[in-house]
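> After the structure tokens below, expect a handful of questions from me.
Each value in this text was obtained by applying a stated rule to the coordinates, not by laboratory testing. It should be emphasised that the depicted structure is a prediction, and the values quoted were computed from it without experimental measurement. Note that we place each Cβ from the backbone using ideal geometry, even for glycine, and neighbour counts take in every protein chain shown.
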Amino acid sequence: MIETLYGLDALDTPRAFFLALLIGCGFGFALERAGFSSSRRLAGVFYFKDMAVVKVMFSGLITAMLGLSYLVALGLIKIDQVFLMPTIYGAQIIGGLLFGVGFAMGAWCPGTAAAGLAAGRLDALVFLAGSVGGSIIFNELFPVIGALYTAGDQGPQMVYNSLGMSRNAFILMFTVVAVGAFWLAEWAEKARTGRAPYLGTPFLKAFSLALVAIAAGLFVLSPVSQTASAGIPSSAQVTSEKALLENVDNARDHIEPEELADRLMAGQADLVLVDVRSSAEFEAFHIRGAVNIQIAQLAETLQPHRNKGLIVLYSNGMTHPAQARDALQRLGFDNVYILTDGLQGFRDRCLKPVSLRSEPVPTKEAMRINAWRAFFTGQPQQSVSAGTDLTVHALQKAAMPGLVDGEWLASRLDAKNVKIIDLRPQPEYNTAHIPGSLSLNVESLRGNLRGVPSMLLPSSMLAEHFSMLGIQQSDVVILVSGEKFHDDTLAGMALERVGHLQYVVLNGGYATWLREGRPVDAALPMVKASKYQAGSDTDSFTIDYQALAAMVNKPGTVIIDVRPAEFYTGSKSDEARAGHIPGAINRPYTEDILVSSNKVVSLKPAEALVSAYAQIIPSKNMKVVVHCRTGHQASQTYFVLKRLLGYTDVSWYDAGWTEWAARLELPVVR
């Protein structure tokens, strides 16, 4: 089957522009060869001296109608792959009158004026300039005349339905009328000028007979539509279509990007956001919280949500979602909406930075935009107070990145878009692990970069690593460690570097899962490699030594050294020099965790964490830099501050004391 650019929602692509340019040039060439680059010849239609306009118009209509009808009848194209011009009585009547008056005055229309200009006609230039000026005036006056633009909008109307005819019968009738018009045009020219090059010729007779025969041939290819009733909708269909049109008229068919963003941020439980694009496009980028469902599977997959809550469909544009929404409504889904302006509209209206907008943005609206950007392109800013449960319960949606408990994970073991990563030593994993989990040595995520050892690998290498694990952009990754909570958070830093924020940490790790008596096995799961693509410019949190050196002893920045106290003071050292960065505050990473008698390692309650960090960081908006020796332990502090406690400006010095101590030009305090 032929997939059209309209059907693919690709009319705004470079390929579509190139094809449109070729078609336009070909169309202009055909107009010029037909004599339409002369206003005198075009004006001849008003005096019955030259009926070329009528002949060309009917030839074009019949060719397009028969060609498309045969493609549909042969199954080479579906009618929904073609844009059907809506009937808008008010706009089309007024527009037609203006066009007619203009054509009568100048004998030019925009297309023929372009052809005339290419042939060097100055009057064509004047008319074409007027067309451009009229378009500009229309644009500027649109707020005033906008109501006329949709006045009498009836949507696509099939004339044969109104006449009580089948489609094939109408095509045959229209073809006969067109042939008659061609003969009549020849007769008019002969009566007025005495010349009619085709009237009564064998060519015209054969041409006319061939057109009628081709139109009649459709009855052989698609006999189903021979009866008049085949083109007339049933009473049930009429009722359904009226309900659909009423929803459109009352704006119950779409949802604005801003409203969707607010609903998603609020965590609306009964909202299902569906991305109907290809899986490759979905993996490259999608709205946070969306699920990827192909259009052919929508009805079956969404059946449990039929008339329950809110279903929102989106694609790059609005064509496919609108068609899918209409089809679902006909199947009894009354709760399906489409996203106004599609994904591009969501990006432009919700995710575009305030600084890049063409018009000034009020302060209140700028705050909303910043909140949307934080939520959909990073981590939503949180306000955590003492007494808050940092662990997400099974019945709640997980704030990602964040903490989850065993019940939350247990309820999602069979979910297709969940990947469990076990970070314990391989012998422990081989002995027993959570069903379906994959083993990963966290040290494989690090290497020597620019001479500095134990650095987190670049995003391209990490993406290859995640591809081998079969991780896709749409997956939720659950990190499970043994006795080192900072193994989870270092893996989390790797995910964040490639832009994958859909990850959570199992608080208490494998030990708490085992203690709760949950299922384990030793099976090695089958893994199908994916093609994970790292996002661009996703690492805005890693800082280098030069940027950090510029912050030393500067007001407005808090540097936290999370190494054990003896390394901070310099009484112990395993690097080139002992001591710490001037002005740095010591809060060992171990102060954030609890280790039970049975070696369950988990984070301290929110009350303790909130209180401890409030004493060393005056404001949640203050610039904070965390570091340790190699970035491993500091990743835990970053996770706590940024992802759990809601500190908004946290940076991670990956190279840590290993690099700082080795660079003798950098200051050290003991």
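> Quick one: if the Förster radius is 56 Å, what FRET efficiency do residue 279 and residue 209 give, using the C-beta to C-beta distance and rounding to 0.05?
Efficiency at R0 = 56 Å is approximately 0.65.
> Report the FRET efficiency, 1/(1 + (r/R0)^6), for residue 21 and residue 132, where r is their Cβ-Cβ distance and R0 is 22 Å, rounded to 0.05.
0.75
> Note down the magnitude of the dipole of segment 545-662 about its Cα centre, charges +1 on Lys and Arg C-beta and -1 on Asp and Glu C-beta and zero elsewhere, to the nearest 20 debye.
160
> May I ask for the distance between the Cα centers of segment 163-213 and segment 559-620, given as a whole number of Å?
Answer, in whole Å: 90.
> Counting other beta carbons within 10 Å of each Cβ, put 109, 25 in order, fewest first.
Fewest-to-most ranking of 109, 25: 25, 109.
> Just to be sure I understand: if I project the alpha-carbon convex hull of segment 560-629 onto a plane and average over all orientations, what area do I get in nm²?
5.9
> Between helix 319-330 and the chain, what is the angle of the helix's C-alpha long axis to the longest principal axis, kept within 0 to 90° and rounded to the nearest 10?
80
> Separate question: Considering the options 175, 439, 376, tell which one lies farthest towards the positive end of the dipole of the chain, charges being +1 on Lys and Arg and -1 on Asp and Glu at the Cβ, about the Cα centre.
Most positive-ward Cα: 175.
> With both bridge residues required to lie in the chain, what share of the DSSP beta bridges run antiparallel, to the nearest 5%?
Beta bridges within the chain, antiparallel portion: roughly 20 percent.
> Give the angle, between 0 and 90 degrees and rounded to the nearest 10, that separates the Cα long axis of helix 167-193 from the longest principal axis of the Cα atoms of the chain.
It is inclined by approximately 50 degrees.
> Once you put a point 7 Å from the Cα of residue 663 and another 7 Å from the Cα of residue 566, both along the Cβ direction, what distance in nm separates them?
Result for the modelled spin labels: 2.9 nm.
> Any chance you could give the angle, 0 to 90 degrees and rounded to 10, that helix 459-468 forms with the longest Cα principal axis of the chain?
So the inclination is approximately 80 degrees.
> Under unit Cβ charges (Lys, Arg +1; Asp, Glu -1), what dipole magnitude, rounded to 20 debye, does segment 391-515 have relative to its Cα centre?
Dipole about the Cα centre, nearest 20: 180 debye.
> Mind giving me the nanometre distance, one decimal, between the label points for residue 99 and residue 147, set 7 Å out from Cα along Cα→Cβ?
2.5
> Then there is this: On full extension of the chain, what length is gained from residue 468 through residue 140, given 0.36 nm per residue of separation minus the C-alpha to C-alpha distance?
Full extension from residue 468 to residue 140 adds 112.6 nm.
> If you rank 624, 177, 610, 272 by fewest surrounding Cβ atoms within 10 Å, what's the result?
Final ranking by Cβ density, sparse to dense: 177, 610, 272, 624.
> At q = 0.10, 0.12, 0.14, 0.22 Å⁻¹, what is the base-10 log of I(q)/I(0) for segment 236-351 according to the Debye formula with one equal point scatterer per Cα and no solvent? Please give it to two decimals.
Log10 I(q)/I(0), no solvent term: -0.27, -0.39, -0.53, -1.33.
> Remind me, what semi-axes does segment 484-634 give for its equivalent ellipsoid, largest first in whole Å, using sqrt of 5 times each Cα gyration tensor eigenvalue?
In descending order the semi-axes read 31, 22, 16 Å.
> With a/c under 1.5 counting as rounded, go ahead and sort segment 85-215 into rounded, prolate or oblate using the C-alpha gyration tensor (a ≥ b ≥ c being the square roots of the eigenvalues; past the cut-off, prolate if a/b is larger than b/c, else oblate).
The shape class here is oblate.
> Given +1 on the Cβ of Lys and Arg, -1 on the Cβ of Asp and Glu, and no further charges, what dipole in debye does the chain carry about its Cα centre, rounded to the nearest 20?
The dipole of the chain has a size of about 1300 debye.
> With each label point set 7 Å from Cα along the Cα-Cβ vector, what nm distance links residue 611 and residue 523?
4.7
> Here's a follow-up. Quick one: of 49/205; 352/642; 78/308; 554/620, which pairs are farther than 27 Å apart, Cα to Cα?
Beyond 27 Å between Cα atoms: 78/308.
> For a footprinting-style exposure proxy, rank 652, 183 by other Cβ within 10 Å, fewest first.
The most exposed by this proxy come first: 183, 652.
> Okay, next question. Once each part is reduced to its C-alpha centroid, what is the distance from segment 398-412 to segment 621-670 in angstrom?
Taking the Cα centre of each part, segment 398-412 and segment 621-670 sit 27 Å apart.
> Can you tell me the length gained on complete extension of the stretch residue 546 to residue 411, counting 0.36 nm per residue apart and subtracting the Cα distance?
Full extension of this stretch gives 44.0 nm more.
> A further question on this structure: Starting from 0 in steps of 10 Å, tell me what percent of the Cα-Cα pairs of the chain lands in each bin.
Taking every Cα pair in the chain, the percentages come to 3, 11, 18, 19, 14, 11, 10, 8, 4, 2, 0, 0.
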